[in-house]
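What follows is calculated from the coordinates using simple rules that are stated; it is not laboratory data. Quantities reported herein were computed from a predicted structural model and do not represent experimental measurements. A quick note on method: Cβ atoms are made from the backbone with ideal geometry, for glycine too, and the neighbour counts reach across all protein chains shown.
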Amino acid sequence: MAEYNKWMDDKIYDVCLEIPDELRRKDMGAFFKSIHSTLNHIYYGDLAWIERLRDKKFTPRKLGVDLFDNFENLKTAQEEMDHEILEWSRTLTPEALNETFDYVSNVENFKRTLPVWVLATHMFNHQTHHRGQVATLIKQLGYEPGVTDLPWLPCLEGYSISEENFNKT
């Protein structure tokens, strides 16, 4: 999922570079209003979870406030974050994923204790959920985000489908 995250962020940001800044910032009725603010929120979530899961700390930040006004700075920060997430994911073991983790929810402000694998899965699900919103907004503006399906992840290109395992419909 860390590979997928990086691949999709690269694709989304490449398309967003083609979109004029005023359109990236346009309130299109999404939960975080615009492409720019939704991408900021994805970064916000990544930062919160990597701080918790990797660094065992959390810096409170206000939900829904853009961390980056400048799109290029946001893009650079997300690229660096994606690299950090990828490197962190490579250190994970089944034992580490099965450990429990205590944290205080920034949304509900109470303590939760969950297995690391649940929280890591949540981090990746959060990215995918909001990137799906961004892909929809991109399409609504007339731009093409391209294929977003996991089986098209470039690192899976070496796998093949045999005829006996392929159900033709």
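A few points about this structure:
- Highest-MSF residue in the chain out of 108, 84, 18 [GNM, Cα springs under 10 Å]: 108
- Each label point was placed 7 Å from the Cα along the Cα-to-Cβ direction; for residue 28 and residue 3 their separation is 2.9 nm.
- Check: the chain dipole with +1 on Lys, Arg Cβ and -1 on Asp, Glu Cβ, in debye: 680
- Signed unit charges on C-beta, dipole axis of region 2-159, positive-most listed residue 30, 73, 138: 30
- Qualifying trypsin sites (Lys or Arg not before Pro) for region 69-169 [loop in DSSP, other Cβ within 10 Å: at most 13]: 90, 168
- Test item: Cα-centred dipole of region 85-143, Lys/Arg +1 and Asp/Glu -1 on Cβ, debye: 300
- Three-way shape call for region 1-88 based on the alpha-carbon gyration tensor, with the a/c threshold at 1.5: oblate
- Summing charges over neighbours of residue 72, with a neighbour being any other residue whose Cβ is under 11 Å away from its Cβ, gives -2 when K and R count +1 and D and E count -1.
- Dividing the mean sequence gap of close Cα pairs (under 8 Å, 6+ apart) by how many residues the chain holds gives a relative contact order of 31 percent.
- Solvent-free Debye scattering, log10 I(q)/I(0), computed from the Cα coordinates of region 2-159 at q = 0.08, 0.13 Å⁻¹: -0.24, -0.63
- The chain - mean residue ellipticity at 222 nm from DSSP helices (-39,500 (n - 2.57) per run, n ≥ 4, rounded to 500): -17000 deg cm²/dmol
- For region 103-133, applying the loop criterion from DSSP together with a ceiling of 14 other beta carbons within 10 Å to the chymotrypsin sites (Phe, Trp or Tyr not before Pro) yields 110.
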